[in-house]
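Asks: To start, I am sharing the structure in question, which I have written as C-alpha cells.
The values are calculated or read from the model by the stated rules, or taken from the named source; none is laboratory data. Everything quoted here is computed from the prediction, not taken from an experiment. Glycine also receives a Cβ, built like all others from the backbone with ideal geometry; neighbour counts cover every protein chain displayed. Each accessible area value is taken on the protein alone, full model and side chains, heavy atoms only, with ligands, DNA and RNA left out. Shrake-Rupley method; radii C 1.70, N 1.55, O 1.52, S 1.80 Å.
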Amino acid sequence: MKKIQLIAVWMAMLSFCSCSDKCGDQFGDYDDGTEQVYFSLRWQPTPDNWQPAIGAFGYIHEDSVKLYDENYILVDDFSADVGGRCFFTLIDRSTPRREDIVKQYYLYLSHQDTDTIRVEFKLKKIDCNNVMNYGKFFYNNNLINENENIPFNLGGSIAKPK
C-alpha cells in the first residue's frame, strides 16, 4: 500500500513540475521587460579627432536635447548624458511580438537642427527571451545599424557634421 502511495505522490509531483512555467519570473528585480536604444552623435573638430557632439566636449548642451515621437509628443524617458550618449526605451511589456513595427522620432538638438530617427523591428520569443527577428536603426534616413536573430541590440555611433 505504501508503494502505491509513494508512486501516486511521485506522479503528482511529476505532473506539477511539467505544468509549471519553465521561464519563471521574466520581470524580476533587475528585468522590468524594457529594452533601450543607445546611440551617440560624434563630430570631427579637427581631422582624425572625433568628439561627442552632445555634452562636455561637444557643441550641443545635453539639457537642450529633446526627443519627440511621431505624434510630436515628448518622449519622457529620453536621456542624453555629458559623455554624449543618448538613450530611450523602445520596447516594454506591451510591445507586440511577431509584428513588424516602425517608429519614427524627431531629435531636437537646437532651434536650427532637428534630426530624424527611424527604428524598424520585429521581435520573437525564444526560450523565455525576446530575440530580435530583425532590427534596423536609421538616422536622417541613413542606415546606421542592422541586426538579425540576436538578443535585442540597436543603436550606434553617428558621425554628425557641425
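Asks: Residues that are under 16 Å from Ser40 (Cβ atoms), at least 2 per element: which strands (runs of 3 or more DSSP E) completely within the stretch 61-135 meet that?
Replies: 85-91, 101-110, 113-126
Asks: Sticking with this structure for a sec: For the stretch 23-36, indicate whether the set of residues that are modelled with pLDDT of 85 or more, closer than 16 Å to Ile117 by Cβ and either in contact with a Cys (Cβ under 9 Å, 6 or more places away or on another chain) or among the polar types (S, T, N, Q) (or both) is non-empty.
Replies: No: zero hits.
Asks: Select from the stretch 93-128 the residues that are touching a Gly at 6+ places or on another chain (Cβ under 6 Å) and without any contact (Cβ under 8 Å) to a residue 60 or more places away in the chain and list them in ascending order.
Replies: Within the stretch 93-128, Phe121 is the sole residue that qualifies.
Asks: Now, a different point. Residues Val82, Val131: which one is aliphatic (A, V, I, L, M) and either surrounded by 15 or more Cβ atoms within 10 Å (Cβ to Cβ) or in contact with a strand residue (DSSP E or B) (Cβ under 7 Å, 6 or more places away or on another chain) (or both)?
Replies: Val131
Asks: Separate question: Run down Asn149, Asn145 and say which single residue is part of a strand (DSSP E or B) and buried (at least 16 other Cβ atoms within 10 Å of the Cβ).
Replies: Sole residue among the options that is part of a strand (DSSP E or B) and buried (at least 16 other Cβ atoms within 10 Å of the Cβ): Asn145.
Asks: Applying the selection to the stretch 44-69, what residues are among the hydroxyl-bearing types (Ser, Thr, Tyr) and open to solvent by less than 50 Å² (accessible area, probe 1.4 Å)?
Replies: Ser64, the sole residue that qualifies.
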